[in-house]
Structures are given as structure tokens and as C-alpha cells.
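The values are calculated or read from the model by the stated rules, or taken from the named source; none is laboratory data. Bear in mind the structure is a predicted one, so any value in this text is a computation, not a measurement. When we count neighbours, we look across all protein chains shown, and the Cβ atoms used for this are built from the backbone with ideal geometry, even at glycine. With ligands, DNA and RNA removed, areas are computed over all heavy atoms of the protein, side chains included. Shrake-Rupley method; radii C 1.70, N 1.55, O 1.52, S 1.80 Å.
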Amino acid sequence: MTATAEEPAAGPAARVGLWEGVRQSLTLAWRTLVQVRHNPFELSDFSIQPIMFVLLFTYVFGGAIAGSVQDYLTFMLPGMIVMNMLFVTLYVGQGLNTDLTRGFFDRLRSLPIARWAPLAGRIAADQVKQAWSILLVFVVGVILGFRLGSPGVVGMLGAVVLLLVFALAFSWVAVLVGLLAKDAERVQIFGFTSLFPLTFVSNVFVPADTMPGWLQAFVDVNPVSILAEACRGLMLGGAVASPVLKSLAWAVAIAAVFAPLSVSVFKRKL
């Protein structure tokens, strides 16, 4: 009589080739996007708030801050797109947390899937939502009177690419929060307690030189300020090279820190 050993179930620990992992990531990304196709109201979660912010800041604070609604819209809109991009990344963490708490990733344990594919798939789907959000805010701004500067459409496309690259990196922060949080509501709380101060203590809404000197020191190194300045340069004209390179450096640093941490926490979760 020959004894037979029970074979261990294949799981995320199974070795998967790079291209197979990319294919799995795209499949999981499509799963996320299909949910939006079948329920378009999900787009309202990250569509209504940015429209409200653009309208409120333009017409309530525009005259007081810049003396002219039109001048303030020109200054504020690139920064508003940056701010909205950061908040949209929170939906990566919320969606990931929901999948964890509802047991979706438990079902992946029995599949020979790359460890990083579920995380990469969620982030890849977020890039489509980010593109929609950027386009939405820009179109609302154009309707209100915003006009591109001398770089024109090429500059705008450059700003979109830069924003998506930064969103790709910053999404790993949201992924880590989504993995550590007990529920999706706590991911949202993180946004209000961390992202709001980070975006408001920047040059998104007002020029840095209107702030106290000690606060300007933080604003000048704040990655939100640097990214907003890069987008203004690309969309309106002005300094481009330095803020763009600094923004890319911040993106690389954020991804280098939070991507490995997220994958490590995800492994322990499974």
C-alpha cells in the first residue's frame, strides 16, 4: 500500500512569471471597472465633490483672495486638480479594504496568482478613474472660463501624464491604509485627517508668499505644492523643469517606501 501525501493548495505564494502577473493584474483591474459600468452611480462618489469645490472656491473666495473670480480660477484650478487626484486615490484603499473584509481575497488563496497582482490590479483600475476625474474638473473649469496658457494642449497632456504618474505612486499609500484599516470608513477618516491638512497647507488655494515665513518653509517642500506648481507651469506657462523633476522624485520616493510595505502587509493578511 502506497501512502499519498496531500498536495498543498496553490496560492499567492506560487511563483508566477512577470507577464502572467501583469495579465492577472489587468484581469482584476477589469473586474473593478466592470462594477462601474454596471453601476454608473459609483462615478458620482468622485465626481460631485470636485465640482462643488471648484464652484465654491471660485465664487465664494475668488473675489476676496485674487480680487477677480476669473484670476482666481486661473490660479486655483491646476491646484484643485492636484487636490482631487489625491482624494480619488483613497477609493483604492476603500475598495481594497472592502474586498478584504468581504472575503474576496480569501478566494484568491486557492489560485496560482502573483502576490502583487490584486494590489496592482486595483491601482491600475484607479488610473482610469483618475483620468475621468482630471477631465471632469478641467471641463468644469473651462465652462467657468478657465483657459490654457501658451503651452496649450501639449502642456495639458503633460500635466495629465504627470498627475497619473504621481497618482500611481501615491495609490500605494492608500493601499497600505486600506490593508491596515479595520473598515472602509476608517480609510475615509484617514483622508480627512491627513490629506486635508496636506493640501490646505500648500499653494493650491493661495500663493505661498501670503503665509507666515515659518509656514512657507513647509509649503515650499510640500509635495502637493511642488506638483501644483508643476501643473501650473505646464497648463499656464512658467517654470516647468524644476517642479516636474521634483514631483517625479517625490513619486519615486513614495512608491519605493510604500509599495514594498503594502506587499509585505498583504502577504501577512493572506
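Key figures
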| item | result |
| --- | --- |
| The stretch 121-135, subset open to solvent by less than 10 Å² (accessible area, probe 1.4 Å) and not aliphatic (A, V, I, L, M), residue nearest to Q49 (Cα to Cα) | S133 |
| Tally, over the stretch 65-104, of residues that are open to solvent by 20 Å² or more (accessible area, probe 1.4 Å) and not acidic (D, E) | 16 |
| Which numbered condition P243 fails, given (1) open to solvent by 60 Å² or more (accessible area, probe 1.4 Å); (2) in contact with an Asp or Glu (Cβ under 7 Å, 6 or more places away or on another chain) | (1) |
| Tally, over the stretch 246-262, of residues that are open to solvent by 30 Å² or more (accessible area, probe 1.4 Å) and over 15 Å from L163 (Cα atoms) | 6 |
| Among the residues listed as V60, V34, the single one being loosely packed, with under 14 Cβ neighbours inside 10 Å, at pLDDT 75 or above, among the aliphatic types (A, V, I, L, M) and more than 29 Å from G158 (Cβ to Cβ) | V60 |
| Residues of the stretch 188-206 satisfying the condition of being surrounded by 12 or more Cβ atoms within 10 Å (Cβ to Cβ) and without any contact (Cβ under 8 Å) to a residue 12 or more places away in the chain | I189, S194, F196, F200 |
